[in-house]
Structures are given as structure tokens and as C-alpha cells.
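Peer 1: Below are the C-alpha cells for one structure; questions will follow.
Since every read-out is calculated from the coordinates, none of them should be taken as a lab result. From a predicted model like this one, the values you see are computed outputs, not experimental measurements. All Cβ positions, even for glycine, are placed from backbone atoms using ideal geometry, and neighbour counts span all protein chains on display.
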Amino acid sequence: MAVSRPDWTLTHEMVHLAFPNLTSDDHWAEEGLATYVEPLARARLGTLSEDKVWSDLMEGVPKGMPQRGDRGLHGTKEWGRTYWGGALFWLLADMRIREQTRNRRGLPDALDGILDAGGDIRVRWDLLRTLAVADKAVGLTVLSDLYREMGRKPGAADLNDLWRRLGIGRARGRVVYDNSAPLAEVRRAIVSAPRH
Ligand SMILES: [Zn+2]
């Protein structure tokens, strides 16, 4: 008997296959990556709209914010921190790589670097090694730096400022875009950049 599943589950699982099986207590990195990348992959395939990508992120990410007593993403067992705190980590990584390379590189290039080094689900690596390999692939230290900011400390992202810089917001229940925002080009590249 065929079991019907939501169309995102296969893409989510595919993202896990293309990332090491982590030995460190960083489940958030695996689930956050799948949470962040899955809608982008579907948007590039044309099965999810750009509006839906951004509206789901604006709705989801606040659920991943640190609460009182938080000690960073490392070791977290909380659902919101694991999925949406993790998604924010990878969104910030994607933004910083694109900002620092003027959109010549993005998170997909860093992830390709992990795969090129043999880092798929069949190997067991810790997260720091995985991030270092990804950083090396794009010639930056964005991921290791972000881990220091968010992995071992609560991290403090100003979400209103984040959406403003990306040029996304809501008006009357719809997603609205500001193409004069500082990171409007980065925002466009995040959704449209082809995987290679
Ligand atoms: Zn998963």
C-alpha cells in the first residue's frame, strides 16, 4: 500500500544524505540545514514560490530564538532551537558568504565543499571539522565564526533588522519586497542560485 507523505519529506531527507553523520552533539546543525535548504531546493525546482520561502522563514525563525538560560545551539534538545535556531544559523551563513563574496559564492558552494571532501551521511565527522571543510571551500571563516557566536553562546540576532536588510516584510497578509534594501541582491541570489 502506498503511503502518502507531504512533498517536503523526500527533499528534507536528501539534504541529510549530503551531510556527515555528526559525532558531536549538534543535531541542530543537521535539522537546521534540512529546514533551511529544503524549501530553497523546491523553489529552484519551481514547486514552491519565493513568497512561501520567505513567509515560512519569517514565521519559523522566531520559534528558534534562545530563551532565558540558553547556552547556545550545541547540545540543545529543544524543538524550536533545533529546527529553526539551526535554520537561522544556515541562513546567516548563506547571507554572510554572499555578502563577503559579492554573490560569487553562497552556502551551496560551502556544502559542495563538504561533499567534495567526502563528507556525506556515510562518514562520521564532528561539526567543527565539517564547518572548517566548508569554510575552506569558499576561502572564508564564516561558518566557524558563526559557530563561536551561536554554538556556544545564545547569540543575539535582531530579526527585525535581519528582514529589513534582506528587504522582506509583510503587508496585509502578503510578503512584500524592498529592492533598495542593502541585501536585496543577496536575497534574490539565495532563492535563484542554481545548485551546480
Ligand atoms: Zn531531519
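Peer 1: Would you kindly derive the ³J(HN,Hα) couplings of the range 117-126 from the backbone phi angles with the Karplus curve 6.51 cos²θ - 1.76 cosθ + 1.60 (θ = phi - 60°), listing them in order in whole Hz, with x for Gly and Pro?
Peer 2: Running phi through 6.51 cos²θ - 1.76 cosθ + 1.60 with θ = phi - 60° gives 8, x, x, 10, 4, 7, 10, 10, 10, 8 Hz.
Peer 1: With a point put 7 Å past each Cα toward its Cβ, work out how far residue 52 is from residue 77 in nm, to one decimal.
Peer 2: A separation of 3.5 nm, rounded to one decimal place.
Peer 1: Now a separate question. Can you compute the helix-only [θ] at 222 nm over the chain? Use -39500 (n - 2.57) per DSSP H run of at least 4 residues, normalise by all residues, nearest 500 deg cm²/dmol.
Peer 2: So the calculated ellipticity at 222 nm is -16000 deg cm²/dmol.
Peer 1: Could I ask something else about it? Give me the number: length gained by fully extending residue 156 to residue 14, i.e. 0.36 nm times residue separation minus the C-alpha to C-alpha distance, one decimal in nm.
Peer 2: 48.1 nm
Peer 1: List the residue ranges in the chain for DSSP H helices whose C-alpha atoms run 20 angstrom or more along the long axis and whose Kyte-Doolittle average is -1.0 or above. Walk me through the numbers on the way to the answer.
Peer 2: Numbers: long enough: 27-45 (27 Å, -0.25); 86-100 (21 Å, 0.23).
Those that pass (Cα extent of 20 Å or more, hydropathy at least -1.0) are 27-45, 86-100.
Peer 1: Sorting 42, 187, 152 on the 10 Å Cβ count, fewest up front, what's the list?
Peer 2: Exposure proxy ranking, most exposed first: 152, 42, 187.
Peer 1: Still on this structure: Under 5 Å between amide H atoms, partner at least 5 residues away or on a different chain: which partners does residue 170 have, H built in plane at 1.01 Å?
Peer 2: Those qualifying (amide H under 5 Å, at least 5 residues apart or on another chain) are 176.
Peer 1: Obtain the nm distance between the two label points defined at residue 145 and residue 122 by a simple spin-label model: each point lies 7 Å from its Cα along the Cα-to-C-beta direction.
Peer 2: Going by the 7 Å Cα→Cβ label model, 3.5 nm.
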